[in-house]
Each structure stands twice: as C-alpha cells, then as structure tokens.
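A.B. asks: This is the structure, below, for whatever I ask next.
The values are calculated or read from the model by the stated rules, or taken from the named source; none is laboratory data. No experiment lies behind these values; they were computed from the predicted model shown. So basically every Cβ, Gly included, is an ideal-geometry build from the backbone, and we count neighbours across all protein chains shown. The accessibility values were calculated without ligands, DNA or RNA, using every heavy atom of the protein model including side chains. Shrake-Rupley method; radii C 1.70, N 1.55, O 1.52, S 1.80 Å.
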Amino acid sequence: MTTKLYHIICEWLRDLIEGTPWEGHVFAVGGCCRDEIMGFEIKDLDLAVDLPMGGVKFARWLQKKKLTTGHPVFFLKYGTAKLRLRRFPDDEIELVQTRKEQYTRETSRCPEVAFGSIEEDCFRRDFTVNSLYYDITRRRTVDITGRGIQDMEAGLLRTPLDPDETFNDDPVRILRGLRFANRFNWTIDPPVWEAMMRHIDRLVIVSRERVHSELCKMLNGPDPIAMMQTLADTGALDVMLPELGAMARRPDAWKGALERLRTLLRADREAPTRYRLAALMMGLAPK
C-alpha cells in the first residue's frame, strides 16, 4: 500500500457508506494515522467499526455486495475480519470492532474481549501516538486522549493508561516501545521507562513467534546496532535470545558481535534478516 492508495481507499469507503448504517462508524486506526501525520509512507490499513461485532458485520456486508475477492477470514472470538477489496486486490485490510479488554490470567497476554466504545478502544492501546483514529465519514483525525498528536510532535512515548497496567497486561508493548523509540528517535517518558523495566521479566509469557517478529523488525530498523545494545542494556535480550543475552555480558564478545553486524551493514544495507542475525550469533558457533 502507498499513502496515495490509502487516501483513495478512504474516499471510496466514504462514498460507499454514505446513507447506510455504517456512515459515521468506520475509522482508520493506528499506524496509518500516525505515519500520515509524520509524513511517512503508509504501509497498511486497519479499520475500526464502533458497533457490536462491527468489523465482522461490515466485512459480511462488503462480501454480500460482492465488493471483496473471495471470502473474508473471520476471527469471531475477537470480532475481527481480514479481506481484500475487489477494487483494491493487492492489499489486505483488517476490520475490527472497537473493544474493551480484560486480562484475567497472569501467564497469558491474550485478553477476554468484548465490544466497547471508541473511547474504551482508545485507552486499551499501547501508546498515545498509536491511539489516533481517522473518521472516514467526516474526513478528520480524532485524538481521544488529547495527547497523541502532541506527543508525536514532541517525540515522546507515553501510554494512554497507567504504564504499569499497560505493560503488565501485555508485555509485548515493551518491545514495541523500545522499537518505536529506535525507529523514530523518540524519548520514552521517564515513568513509562521505569514501568517497562519493572515488567521486563514479563516478556517470558510472549510467544516465540511474536518475539521473532519483533526481533526481525528491530534488526531491520534504522539503527539495529543501537537497538541491539538497548535490548542488552534493558535485559530484554536475555528473554528474547538467552544465548545473545549471555554474550552481551561478555564485553569483548558482544563488541565483536556488534562489529560484525556493523561490517555487514556497511557492505550491504539491504542484507536479509537472517544474515543480520547470523552476524550477531557467529560468535556462538563452536570453535
């Protein structure tokens, strides 16, 4: 997806839902809103519908009108759907209901979810800068926390709720926060940073698949050397890749690992993720 296509799809949706029960209830949300304000190219589109089971029902409505390619994929437990629009078949769109969450198990980051207001949906999100909505009908950005745009302009990462609650509920938000700070050169608000460090051990409940996904994004960010050093300094690396965490406690070995990664990137800034990881882990190979 491109920013130009994002705008085309939003306008197409606006015209489509005008005069229907969906008018005024469909919002673009999250990263696309953030990246547009920051002037970055938009890569994907997520839609939130502030009606019970709104994402699923809107997807079914689009399918019934023969506006989708094939059948949408539904995740009824979470009230979400994924589909491709017949007119824009190259890009997958995720549709969700606005929701509230309740985390009931200390050993799981998977909450019980239910329909919630757009305000409840906003305050369950990880950071204020990711809690923006674009009202497709009214063509306007909605900043419910009143801090999202302000924090973005200040380059500051803050949470909509108390940060201890935010990171205890879902510790993957710690990794996302560290990655965003590296990617955008943002400052993490001191109370948020302190809460991250208090809950760093909670990363053990994050699935290996999600850890791998975050690590790959970090290794392909604008400054993977600094990113890896941050993971080592915070202790996150001990949970994500214990072998590398152990290496990071051996100054000479860790310096060598980072230098190998730096050398690789000097030679090929587009080096595949597996090469980047191999450069770091080469020192673990038996001699």
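A.B. asks: Tell me which of these Ile118 doesn't satisfy, since it passes every other one: (1) within 22 Å of Thr3 (Cβ to Cβ); (2) open to solvent by less than 70 Å² (accessible area, probe 1.4 Å); (3) touching a Phe, Trp or Tyr at 6+ places or on another chain (Cβ under 8 Å).
C.D. replies: The failed condition is (1).
A.B. asks: Same structure again: Which pairs have Cβ atoms under 9 Å, sit 6 or more apart or on different chains, and link a residue in the range 151-163 that is in a helix (DSSP H, G or I) to one that is of a type in the set (S, T, N, Q) and buried (at least 22 other Cβ atoms within 10 Å of the Cβ)?
C.D. replies: Pairs found: Asp151/Thr128; Met152/Thr128.
A.B. asks: Would you confirm whether any residue within the range 203-211 is closer than 19 Å to Leu157 by Cα and either of a type outside the set (D, E, K, R) or touching an Asp or Glu at 6+ places or on another chain (Cβ under 6 Å) (or both)?
C.D. replies: So far as the range 203-211 goes, no, none of its residues is closer than 19 Å to Leu157 by Cα and either of a type outside the set (D, E, K, R) or touching an Asp or Glu at 6+ places or on another chain (Cβ under 6 Å) (or both).
A.B. asks: Still on this structure, please answer the following. Quick one: in the range 195-213, of everything that is farther than 18 Å from Pro163 by Cβ and in a helix (DSSP H, G or I), which residue is least open to solvent (accessible area, probe 1.4 Å)?
C.D. replies: Residues of the range 195-213 farther than 18 Å from Pro163 by Cβ: 204, 207-213.
Now restrict to residues that are in a helix (DSSP H, G or I): 204, 208-213.
Working: Val204: 106, Arg208: 126, Glu209: 136, Arg210: 62, Val211: 8, His212: 109, Ser213: 42 Å².
Per the stated criteria, the residue is Val211.
A.B. asks: Just checking, how many residues over the range 72-95 are free of Cβ contacts under 8 Å to residues at least 60 places away in the same chain and in contact with a helix residue (DSSP H, G or I) (Cβ under 7 Å, 6 or more places away or on another chain)?
C.D. replies: The number of residues fulfilling the criteria is 8.
A.B. asks: Is it the case that some residue within the range 179-189 is basic (Lys, Arg), under 19 Å from Thr273 (Cα atoms) and open to solvent by less than 30 Å² (accessible area, probe 1.4 Å)?
C.D. replies: Checked against the condition, which is being basic (Lys, Arg), under 19 Å from Thr273 (Cα atoms) and open to solvent by less than 30 Å² (accessible area, probe 1.4 Å), the range 179-189 yields at least one hit.
A.B. asks: Collect the residues in the range 1-26 that are of a type outside the set (Val, Ile, Thr), touching a Leu at 6+ places or on another chain (Cβ under 7 Å) and surrounded by 21 or more Cβ atoms within 10 Å (Cβ to Cβ), keeping them in residue-number order. Working first, answer last.
C.D. replies: Pass one, the range 1-26, residues of a type outside the set (Val, Ile, Thr): 1, 4-7, 10-16, 18-19, 21-25.
In the following step, the residues that additionally are touching a Leu at 6+ places or on another chain (Cβ under 7 Å) were identified as 1, 6, 25.
Matches in the range 1-26: Tyr6 only.
A.B. asks: Since Arg99 meets every condition but one in (1) touching a helix residue (DSSP H, G or I) at 6+ places or on another chain (Cβ under 6 Å); (2) at pLDDT 95 or above, which condition does it not meet?
C.D. replies: (2)
A.B. asks: Going by the conditions given, is Val113 of a type in the set (A, V, I, L, M, F, W, C) and open to solvent by 20 Å² or more (accessible area, probe 1.4 Å)?
C.D. replies: yes
A.B. asks: Which ranges mark the helices (runs of 4 or more DSSP H) fully within the range 1-99 that have 2 or more residues being within 17 Å of the chain's Cα centre (by Cα)?
C.D. replies: 31-38
A.B. asks: Oh, and also: Of everything in the range 214-251, what is hydrophobic (A, V, I, L, M, F, W, C), over 19 Å from Pro171 (Cα atoms) and open to solvent by less than 20 Å² (accessible area, probe 1.4 Å)? Give them in sequence order.
C.D. replies: Initial filter on the range 214-251 (hydrophobic (A, V, I, L, M, F, W, C)): 215-216, 218-219, 225-228, 231-232, 236-237, 239-241, 244, 246-248.
Still in the running and over 19 Å from Pro171 (Cα atoms): 219, 225-226, 244, 246-248.
Selection gives Leu219, Leu244, Met247.
A.B. asks: In the range 27-57, which residues are farther than 14 Å from Phe115 by Cβ, in contact with a Ser or Thr (Cβ under 7 Å, 6 or more places away or on another chain) and open to solvent by less than 10 Å² (accessible area, probe 1.4 Å)?
C.D. replies: Cys33, Ile42
A.B. asks: Further, regarding this structure: Determine which member of the set Arg60, Arg139 is within 17 Å of Ala28 (Cα to Cα) and open to solvent by 50 Å² or more (accessible area, probe 1.4 Å).
C.D. replies: Arg139
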